[in-house]
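No lab work stands behind these numbers, since they all come straight from the coordinates. Predicted model only: the values in this text are computed from it and were never measured. No Cβ is skipped: glycine too gets one built from the backbone with ideal geometry, and neighbour counts run over all protein chains shown.
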Amino acid sequence: MMEDWVPKTELGKAVKAGTYKNIDEVLATGKPILEHEIVDYLLPNLKSEILEIRATQRVTDSGRKTAYKVLAVVGDENGHVGYGIGKSAELAIARDKAVNNAKRNIISIKRGCGSWECRCELEHSIPKKVSAKVSATYVELLPAPRGLGLAANDNLKVILSLAGVRDIWSSVRGSKSNIQSLVAATFKALKQLY
């Protein structure tokens, strides 16, 4: 399938030509990833999870029109994770758009052992405490000792496991029901690690 890919951007052409060997080199350039195929090419074992599906309806002269909004997260469980939102009148198209947008918004995070209880120097947690606020949602992530697991709510567990974090303490304050703000705040906090 990747043999059929014809890149449209300069970054895509450079990746296809072999100038960049891994996704970290691409992210270090600071150039935006405009083609999701770049991530597919460099990270073939990427996994995706759907966190939220919302259906909205509006009434028109011809009847009710349904639209779908999907929130997806992708990651390779090795320090790379991204999230995206897709909207469409059909659920399958909205899901594909969300996954492709998540691939284009992928980030790299630094992992380590920042817990004072552990100090094992393995990459099982995060190296320092980070926090971020989006809208009315405040997320705080703290390094944890090895073997603790993910002490977080279900949505944070999905994001952190796809990022490759195995042990963490987390705290969420404010609006916990708005999943989109929760995910955005989590990614804003994780970006501070790179």
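Take the alpha carbon gyration tensor of the range 130-191, find the square roots of its eigenvalues, order them as a ≥ b ≥ c, and report rounded if a/c is under 1.5; if not, report prolate when a/b exceeds b/c, else oblate. The partial results should precede the final answer.
Values: a/c = 1.86, a/b = 1.77, b/c = 1.05.
Taking the square roots of the gyration eigenvalues as a ≥ b ≥ c, the range 130-191 is prolate.
So for each of 93-100, 126-133 I average, over its residues, the number of other beta carbons within 10 Å; can you give me the resulting order with the highest mean first? Present the calculation step by step, with values, prior to reporting the outcome.
Details: 93-100: 20.1, 126-133: 17.4.
Ranking, from highest mean packing down: 93-100, 126-133.
Would you grab the residues whose amide H sits under 5 Å from the one on Glu52? Only those 5+ places off in sequence or on another chain, please, with H modelled 1.01 Å from N.
Leu71
Work out the length of the dipole vector of the range 100-164 about its Cα centre, built from +1 on the beta-carbon of each Lys and Arg and -1 on the beta-carbon of each Asp and Glu, and round it to the nearest 20 debye. Can you show the working numbers first?
Values: 10 positive and 5 negative charges, 48 e Å.
That gives the range 100-164 a dipole magnitude of about 240 debye.
Write down the radius of gyration of the chain and its Dmax, each obtained from C-alpha positions, in Å.
18.2, 65
May I ask you to derive the FRET efficiency for Lys128 and Lys157 from their Cβ-Cβ distance with R0 = 25 Å, giving the value to the nearest 0.05?
On the way: r = 20 Å, r/R0 = 0.82.
Rounded to the nearest 0.05, the efficiency is 0.75.
Residue by residue, what Karplus-based ³J(HN,Hα) values in Hz, rounded to whole numbers, does the range 167-173 have, using 6.51, -1.76 and 1.60 with θ = phi - 60° and x for Gly and Pro?
Values, residue by residue: 10, 6, 9, 9, 9, 10, 10 Hz.
Treating cross-link reach as a plain straight distance, find the lysines whose alpha-carbon is under 22 Å from the alpha-carbon of Lys128, omitting any fewer than eight places away in the same chain.
Lys110, Lys157, Lys188, Lys191
Enter the Cα centre distance for the pair the range 141-166 and the range 71-100, rounded to the nearest angstrom.
Centre-to-centre (Cα) distance: 20 Å.
In whole Hz, with x marking every Gly and Pro, tabulate ³J(HN,Hα) for the range 113-118 from phi via Karplus 6.51 cos²θ - 1.76 cosθ + 1.60, θ = phi - 60°.
With coefficients 6.51, -1.76 and 1.60, one gets 10, x, 7, 6, 7, 10 Hz.
How high is the FRET efficiency from Asn45 to Ala89, r the C-beta distance, R0 30 Å, rounded to 0.05? It would help to have the intermediate numbers written out before the result.
On the way: r = 32 Å, r/R0 = 1.06.
Calculated transfer efficiency: 0.40.
Taking Cα pairs under 8 Å and at least six residues apart, what relative contact order does the range 134-194 come out at, in percent? Write out the running numbers ahead of the final one.
Numbers: 80 pairs, mean separation 29.3, N = 61.
Reported relative contact order: 48 percent.
What relative contact order, as a whole-number percentage, does the chain give when Cα pairs under 8 Å and 6 or more residues apart are counted?
Values: 412 pairs, mean separation 32.1, N = 194.
This gives 17 percent for the chain.
How much length, in nm to one decimal, is gained on full extension between Tyr194 and Lys31, taken as 0.36 nm per residue of separation minus their Cα-Cα distance?
57.1 nm
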